[in-house]
1. Given the criteria open to solvent by 90 Å² or more (accessible area, probe 1.4 Å) and at pLDDT below 85, does Met1 qualify?
2. Identify, from the list Arg25, Arg32, the residue that is open to solvent by 100 Å² or more (accessible area, probe 1.4 Å), modelled with pLDDT of 85 or more, not acidic (Asp, Glu) and not in a loop (DSSP other than H, G, I, E, B).
Amino acid sequence: MTNSMTDKQFDKIIKMIRMVLDGCRDLDEAKRKIDELTEDKPVNHPPEPKN
């Protein structure tokens, strides 16, 4: 049996991500907050390139 997501579930997840991003000062803070929401170990994000 495959797991599939309904449009309503997908929309709710997107809204939650937007709420997290709206409250962040930068990308690193957003990544940390998303990592905290996941049940798995945090993902090691590569450092952002300096411009």
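1. Judged against the criteria, Met1 is a match.
2. Details: Arg25 fails: not in a loop (DSSP other than H, G, I, E, B).
Answer to the selection: Arg32.
The values are calculated or read from the model by the stated rules, or taken from the named source; none is laboratory data. It should be emphasised that the depicted structure is a prediction, and the values quoted were computed from it without experimental measurement. These area figures cover heavy atoms from the full protein model, side chains too; ligands, DNA and RNA do not enter into them. Shrake-Rupley method; radii C 1.70, N 1.55, O 1.52, S 1.80 Å.
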